[in-house]
Structure formats: structure tokens, C-alpha cells
Amino acid sequence: MKKLSLNDACIIAESHGGICLSTEYKDNKTPLLWRCSKNHIWHAPLRRVKNCGTWCPHCAGVVKHTFEDIKKIALSKHGECLSTEYKNNQLPLLWCCKENHLWYTSLGNVKNGKWCPYCAGNARLTLEDAKQIAFSRNGECLSTTYRNSKTPMTWKCHQGHIWNIPLNNIKNSGSWCPYC
């Protein structure tokens, strides 16, 4: 097997649209300095870049963020992150939007454009939501538990008719009492 060189590192970097900034090469385990086409700079051993197919960790979204980064991301969306601990892009954090809605989602979701589910109309519904919708239609939600928007719930209209239908049907299709 051919021993790798600094020239190999430069060729591999060029194949990714970047450059190897290092001027010395010791072995394939020693980190080299790299720059991608978006001017991100990082250290990685040549073997990882060559054999694992990895390139810029910033572009790949695998760089661990600091709380300062998270604050900037939240501020760019006119909100804030209320969590006090951050482990990785996948674990949920507590967020607050400019309308003071609170919700949990991962930093990865926020970075991918998912912000406040309440403002977007995508928030998970609750039993209280079902009761409010029924009240707005001069009726009642008789169910005492709520599982999800597709599970049938018990409803009562102002005429006293009782039926079962999922909250999703009531909320989104505009249907109400099937008897009236």
C-alpha cells in the first residue's frame, strides 16, 4: 500500500472543492488543516477525509455548537433558547418565539427551518383545544382524554346529538353534527 503524502491531501481537498492548508505531513493519523469552498476551516486527519468520505463538518452540520451559537440562531428568528444544557443537534431544547410560545425541538430542526409550531399552525392539539372548538360551535366535547388528532372523541351538539369522530375531522374539515 502506497504511503500517503501532502500532495495526496491536496488532491483529495481539490476533489471536494477545497484546499489543504497544512504545509507538513507526518502520517495519516496526524490532523491536517483544511478549508472548504465556503471558507470553513477545521482539523482532521487525512485518513478520515480519504477513507471515511467525510469533508467539511460545518457544511455537514456535525460541528458541536456552543450556547453562544444557539443564542445567535434563536435571535435570528426573534426568539430565544431557554435550555441551560446542550449535548447535540438531535436532543430537544426549550425555545420561546417572539409571541412567547414555548415548545421543545432539537437544534437540528431549528437549523433546518422549523421554528414555532404554534405560529406555523402545527402545534400538537390538546383536550382543551377540543373543548374550545366544541364550545365555539355551541356544543361540548364529552371526552375526558386526548390521544391524538386521529383518535375518535365523543361530541355533543346544541340539539343533544352525541357522536364519535376524530378531532382532526372537526377542526380541519369544518364538519360538526352529522345529525343536524
Is segment 74-97 home to any residue that is farther than 30 Å from His58 by Cβ and out of contact with any Pro (no Cβ under 6 Å at 6 or more places or on another chain)? no
For segment 109-124, name all the residues that are surrounded by 15 or more Cβ atoms within 10 Å (Cβ to Cβ) and either β-branched (Val, Ile, Thr) or in contact (Cβ under 8 Å) with a residue 40 or more places away in the chain (or both). Val110
From the list Ser106, Ser83, exactly one residue is surrounded by 13 or more Cβ atoms within 10 Å (Cβ to Cβ), under 12 Å from the mean Cα position of the chain (by Cα) and without any contact (Cβ under 8 Å) to a residue 40 or more places away in the chain. Which is it? Ser106
Condition met for Gly79 (within 30 Å of Leu6 (Cβ to Cβ) and small (Gly, Ala, Ser)): no
Only unsatisfied item for Asn100, checking (1) under 30 Å from Thr66 (Cα atoms); (2) of a type outside the set (Gly, Ala, Ser); (3) outside the structural domain of His78 (by TED's automatic domain parsing), is (3)
Regarding segment 23-32, can at least one residue be identified that is surrounded by 15 or more Cβ atoms within 10 Å (Cβ to Cβ), of a type in the set (A, V, I, L, M, F, W, C) and not in a loop (DSSP other than H, G, I, E, B)? yes
Against the definition (under 30 Å from Ser106 (Cβ atoms) and modelled with pLDDT of 90 or more), how does Lys64 come out, yes or no? no
Qualifying residues in segment 49-80 (those that are among the charged types (D, E, K, R) and part of a helix (DSSP H, G or I)) - the one surrounded by the fewest Cβ atoms within 10 Å (Cβ to Cβ): Glu68
Could you check Ser83 against (1) assigned to a helix (DSSP H, G or I); (2) touching a helix residue (DSSP H, G or I) at 6+ places or on another chain (Cβ under 9 Å); (3) of a type in the set (Gly, Ala, Ser) and say which number it fails? (1)
Does Ala44 satisfy the condition of being surrounded by 15 or more Cβ atoms within 10 Å (Cβ to Cβ), assigned to a helix (DSSP H, G or I) and aliphatic (A, V, I, L, M)? no
Would segment 12-20 turn up any residue that is at pLDDT below 90 and either surrounded by 12 or more Cβ atoms within 10 Å (Cβ to Cβ) or aliphatic (A, V, I, L, M) (or both)? no
In segment 126-141, residues that are closer than 16 Å to Pro166 by Cβ and either surrounded by 15 or more Cβ atoms within 10 Å (Cβ to Cβ) or charged (D, E, K, R) (or both) total 9
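The values are calculated or read from the model by the stated rules, or taken from the named source; none is laboratory data. Source: prediction; values computed, not measured. With ideal geometry, Cβ positions are generated from the backbone for all residues, glycine too; neighbour counts draw on all protein chains shown.
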